Amino acid sequence: MAQRTIVLTHDEYHVLKTLVERFRYSGKLDQGQLTRFIEELGSARVVDVTQLPRDIVTVNSVVRYRYLGAADSGETSEIQLVFPADVKQGPGRVSILSPLGLALMGEREGTEIEYLAPGGSFQIRIESVEQSRHTARDLVQG
């Protein structure tokens, strides 16, 4: 798989870097996936929140996606990408540090992604992204 360049706001970049470092040696996350994401953080395009394109997946975005390949039933799934502590606050929330969350973070609408999860390898297409009005800093402090 080719190296991707994800787009993050300054706040998201710093929060994600802190979270990833916190979990890096804990053994609570798949180390291969985490290592790949650390590399992606290193090459991320970091922008001011006012310059963030509307079709980029960020913290608290609502993402509609469709499975491709053998898993393609033609149906879409919808999730909200949140910090790990916020997963239990409602249905359809996915942690930014889960395999799906790590794969989606910083990607744009229309992108096809392949990611590894405990159930195997999955390929999805991001159908739509609805932005939150909150920045990563708002979510951490509020």
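Kindly indicate whether any position in segment 60-75 is modelled with pLDDT of 90 or more and of a type in the set (Lys, Arg).
The answer is yes, given that some residue of segment 60-75 is modelled with pLDDT of 90 or more and of a type in the set (Lys, Arg).
Name the pairs whose Cβ atoms lie under 7 Å apart, with the first residue in segment 118-140 and assigned to a strand (DSSP E or B) and of a type outside the set (Val, Ile, Thr), the second modelled with pLDDT under 90 and surrounded by 15 or more Cβ atoms within 10 Å (Cβ to Cβ), and 6 or more positions between them or separate chains?
Matching pairs, first to second residue: Phe122/Tyr115.
Tell me whether segment 33-40 contains one or more residues that are under 19 Å from Ser132 (Cβ atoms), under 15 Å from the mean Cα position of the chain (by Cα) and of a type in the set (Val, Ile, Thr). Please lay out each step first, then the result.
So in segment 33-40, the residues under 19 Å from Ser132 (Cβ atoms) come out as none.
Taking every residue of segment 33-40 in turn, none turns out to be under 19 Å from Ser132 (Cβ atoms), under 15 Å from the mean Cα position of the chain (by Cα) and of a type in the set (Val, Ile, Thr).
If you take the residues in segment 45-69 that are more than 18 Å from Glu112 (Cα to Cα) and of a type outside the set (Val, Ile, Thr), which one is surrounded by the most Cβ atoms within 10 Å (Cβ to Cβ)?
Residue satisfying both the conditions and the ranking: Asn60.
Tell me whether segment 83-97 contains one or more residues that are among the small types (Gly, Ala, Ser), closer than 19 Å to Val129 by Cα, in contact with a strand residue (DSSP E or B) (Cβ under 8 Å, 6 or more places away or on another chain) and part of a strand (DSSP E or B).
Looking through segment 83-97, at least one residue is among the small types (Gly, Ala, Ser), closer than 19 Å to Val129 by Cα, in contact with a strand residue (DSSP E or B) (Cβ under 8 Å, 6 or more places away or on another chain) and part of a strand (DSSP E or B).
Can you tell me which residues in segment 24-39 are on the phi < 0 side of the Ramachandran plot and either exposed (fewer than 15 other Cβ atoms within 10 Å of the Cβ) or at pLDDT 80 or above (or both)?
Within segment 24-39, Arg24, Tyr25, Ser26, Lys28, Gln31, Gly32, Thr35, Ile38, Glu39 meet the criteria.
What are the residues in segment 21-62 that are among the acidic types (Asp, Glu) and in contact with an Asp or Glu (Cβ under 9 Å, 6 or more places away or on another chain), if any?
At the first step, the residues of segment 21-62 found to be among the acidic types (Asp, Glu) are 21, 30, 39-40, 48, 55.
Across segment 21-62, the qualifying residue is only Asp55.
Restricted to segment 76-122, and to residues that are within 15 Å of Arg64 (Cβ to Cβ) and among the β-branched types (Val, Ile, Thr), which residue is farthest from the chain's Cα centre (by Cα)?
Thr76
Taking the stated definitions as given, is Pro84 under 24 Å from Gly120 (Cβ atoms) and touching an Asp or Glu at 6+ places or on another chain (Cβ under 8 Å)? Please lay out each step first, then the result.
Details: under 24 Å from Gly120 (Cβ atoms): yes; touching an Asp or Glu at 6+ places or on another chain (Cβ under 8 Å): no.
Answer is no for this residue.
Every residue, every condition in (1) in contact (Cβ under 8 Å) with a residue 40 or more places away in the chain; (2) out of contact with any Lys or Arg (no Cβ under 6 Å at 6 or more places or on another chain); (3) among the β-branched types (Val, Ile, Thr); (4) farther than 23 Å from Phe122 by Cβ, yes or no:
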site: Leu34; (1), (2), (3), (4): yes, yes, no, no
site: Val57; (1), (2), (3), (4): yes, yes, yes, no
site: Gly69; (1), (2), (3), (4): yes, yes, no, no
site: Gln80; (1), (2), (3), (4): no, no, no, no
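Take the residues of segment 57-79 that are touching a helix residue (DSSP H, G or I) at 6+ places or on another chain (Cβ under 9 Å) and assigned to a strand (DSSP E or B): which is farthest from Glu109 (Cα to Cα)? Step through it out loud before you land on a result.
Restricting attention to segment 57-79, the residues satisfying the condition of being touching a helix residue (DSSP H, G or I) at 6+ places or on another chain (Cβ under 9 Å) are 57-61, 63, 65, 79.
Filter once more, keeping what is assigned to a strand (DSSP E or B): 63, 65, 79.
Details: Val63: 9, Tyr65: 9, Ile79: 14 Å.
Filtering segment 57-79 for residues that are touching a helix residue (DSSP H, G or I) at 6+ places or on another chain (Cβ under 9 Å) and assigned to a strand (DSSP E or B), the one farthest from Glu109 (Cα to Cα) comes out as Ile79.
So, in segment 111-121, of the ones that are surrounded by 14 or more Cβ atoms within 10 Å (Cβ to Cβ) and at pLDDT 90 or above, which residue ends up farthest from Gly32 (Cα to Cα)?
The selected residue is Thr111.
The values are calculated or read from the model by the stated rules, or taken from the named source; none is laboratory data. What you see is a predicted model; the values in this text were computed from it and never measured. Reconstructed Cβ throughout: ideal geometry from the backbone, glycine too, with neighbour counts over all protein chains shown.
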